[in-house]
Amino acid sequence: MQSTLTRLVLAFCNGSSTLQYLGSLTSVILLLSALLYKLLHVPVASPPRSGHSLPRLQLPGWKVTQLFFEKRFDFIKDGFKTTSSSIYQTSLFRHTAIVLSGNEGRKIFFKEKGLGLHDTFSIMMGSGAAQFDPHQVGGVVRRMASIQRSDNLQKLIPLILSECQRKMDAWGSEYILDPCSSLHEVTFQLVMRIASFDIANDPVLSARLKSLVDTIDSITNPYSTWLPWLPGPALFCKFFTSVQVYRIVQEAINTRKKSGIKRDDMLQQMIDDGDGTIQIFGCILGLSLAGSLTWLIMQISSDPTWSSNVQDEIRAFISTHTPSSASLSGNTLAQALSEIPLTAWESQTPNLDLCIRETLRTSQPYTAVRKNHGPDLTIGPYVIPSGSLVIYPFSDTALNPNYYPDPTRWDPSRGIEKETPFIGWGAGKHACKGQRLATLSMKLVVVYAMMRFDITMVDGQGKRINRLPLPEWNDSATCRPKEECGIKFVAK
Ligand code: HEM
């Protein structure tokens, strides 16, 4: 079926009307077969092998899948309430899924070797990832280690700062950013600047790529995963869009190779190291900073104490490393910050480090999923069957009042207490591999913006507010604010 599908996709890309017709016909036939299959074969989640039977969330599979995508945070939280249990069983993407919480749940989730991350991508992404090769993910992970070597990160500093300058020059003396959309454009552009100089320098291409990536993200929904083997319209669209993104990346690689010009970007590092298009494509799409950076700027600027702590720290930091910080602005600011060594950025801004840590705790609605490809596991009196999916919501630690009293309050001083569990970058074998790059990028943007502008939060009408809206934890991609608001930048 896959080869037929591939041919149809290629035909679709080439715009052949006959094959488009055949594609529709195939879809209709497969849809009918799918319905028949569903009528005749109702899968049941495998019962626990031994021990007590796990409390079960009684919802149809399609409803669980829909809620998992649309209201993940509420769905998981309500599941604990409905089953009155800290661990429960449900059915997700036609797999038995065990949702864990509590100290023991977290420890098992991050420590058990049999719980793997990579093959959950193909389950979660639907048939668009049917040919997903976990070894290529391994390649991306290894690549991250090389990209984050100190010499490479040092080279990225001036690149990121010049992108900040270019973007912020365009804001003039006063600008209000919509945290729900404009800041995502800024971070996308920043990511592109790190990834590929040529794509970032071409505003039309960069805008097209952003819209394609947004389309791929938006298609990861129940209708593309519930019947993963059914090539419906969403699947065609996802393939078609991915092919276009892949072509843009391939074109960028070819142009760079032909030009003989060397740039200080991720693309160059990967070409020099002999990586294939798929690895480069994966790394470029994996760079994601949008949600965390947005909340970091919003939280610091709406907390007078921490805003002044961070500003004092930045001024002292700059004056230690540059001869005259008083008159720095625009170009001279970017230039001066570029000359500060990486080691200083990484070790001499403790207040900013605390702010980043607290922002990841309060504004990151991540829910981690693994597949148990080891033997059955036990947790208390229950069994986690081999082959099942295992889910751990980060909020179980991050928003837990036992660890963090008044958990939604943003208070960076909590980070001084190192004993409290913190999983903002994940934990164990699959902890974030881009942490160094992500932290450095966030620091550069915040420092540059805070030195150039007075930043305040405003409501939908542009009126100053002192209290931030809560994050929408159900928005699992970027965790947007729950209410309309803006970030106001006024040039100093
Ligand atoms: C503020 C930004 C970021 C945050 C908060 C973040 C957070 C995380 C978390 C929580 C995980 C663990 C996922 C799990 O346990 O299921 C993770 C994994 C990962 N992150 Fe990040 N990340 C960020 C930025 C980045 C960037 C910029 C890159 C790469 C350029 C990156 C690359 C990765 C990779 C490759 C993994 C998978 C590791 C593995 O499978 O072993 N991350 N990240």
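The values are calculated or read from the model by the stated rules, or taken from the named source; none is laboratory data. Because the structure is predicted, anything quoted here is derived from the model rather than measured. Cβ: placed from backbone, ideal geometry, glycine included. Neighbour counts: every protein chain shown.
Laid out as a table, the results:
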quantity: From PHE394, PHE489, residue being among the aromatic types (Phe, Trp, Tyr) and within 16 Å of the ligand (Cβ to nearest atom); calculated: PHE394
quantity: Residue ID - farthest from ASP396 (Cα to Cα), chosen from residues in region 425-446 that are of a type in the set (D, E, K, R) and surrounded by 15 or more Cβ atoms within 10 Å (Cβ to Cβ); calculated: LYS443
quantity: Condition met for ILE314 (in contact with a Gly (Cβ under 7 Å, 6 or more places away or on another chain), more than 16 Å from the ligand (Cβ to nearest atom) and of a type in the set (A, V, I, L, M)); calculated: no
quantity: Single residue of ARG357, ARG370 found to be within 13 Å of the ligand (Cβ to nearest atom) and more than 30 Å from THR322 (Cα to Cα); calculated: ARG370
quantity: Index of the failed condition, CYS432 passing every other in (1) under 30 Å from LEU161 (Cα atoms); (2) within 19 Å of the chain's Cα centre (by Cα); (3) touching a residue at least 24 places away in the same chain (Cβ under 8 Å); calculated: (3)
quantity: Boolean, PRO385 is in the same structural domain as LEU67 (by the TED database) and out of contact with any helix residue (DSSP H, G or I) (no Cβ under 7 Å at 6 or more places or on another chain); calculated: yes
quantity: Filter result (touching a Lys or Arg at 6+ places or on another chain (Cβ under 9 Å) and at pLDDT below 80) within region 182-199; calculated: HIS184, GLU185, VAL186, PHE188, GLN189, LEU190, MET192, ARG193
quantity: Filtered residue count, region 432-448, keeping only those that are near the ligand (Cβ under 6 Å from one of its atoms), out of contact with any strand residue (DSSP E or B) (no Cβ under 6 Å at 6 or more places or on another chain) and farther than 24 Å from SER307 by Cβ; calculated: 3
quantity: Conditions (1) surrounded by fewer than 19 Cβ atoms within 10 Å (Cβ to Cβ); (2) assigned to a loop (DSSP other than H, G, I, E, B); number of the one not met by PHE422; calculated: (1)
quantity: ASN400, sole failed condition from (1) surrounded by 15 or more Cβ atoms within 10 Å (Cβ to Cβ); (2) in contact (Cβ under 8 Å) with a residue 12 or more places away in the chain; calculated: (2)
quantity: Residue match in region 447-454 (condition: out of contact with any Leu (no Cβ under 7 Å at 6 or more places or on another chain) and loosely packed, with under 15 Cβ neighbours inside 10 Å); calculated: yes
quantity: THR408 being buried (at least 16 other Cβ atoms within 10 Å of the Cβ), away from the ligand (no atom under 16 Å from the Cβ) and either over 19 Å from the mean Cα position of the chain (by Cα) or not assigned by the TED database to the domain that holds GLU163 (or both); calculated: no
quantity: Positions within region 457-486 being crowded, with 18+ Cβ neighbours inside 10 Å and touching a Ser or Thr at 6+ places or on another chain (Cβ under 7 Å), in sequence order; calculated: MET457, LEU468, PRO471, TRP473, SER476, CYS479
quantity: Failed condition for GLN461, given (1) free of Cβ contacts under 8 Å to residues at least 60 places away in the same chain; (2) within 16 Å of the ligand (Cβ to nearest atom); (3) farther than 30 Å from LEU57 by Cβ; calculated: (2)
quantity: Among the residues listed as ARG370, ARG414, ARG409, the single one being among the charged types (D, E, K, R) and in a helix (DSSP H, G or I); calculated: ARG414
quantity: Residues being in contact (Cβ under 8 Å) with a residue 60 or more places away in the chain and part of a strand (DSSP E or B) - total across region 464-492; calculated: 9
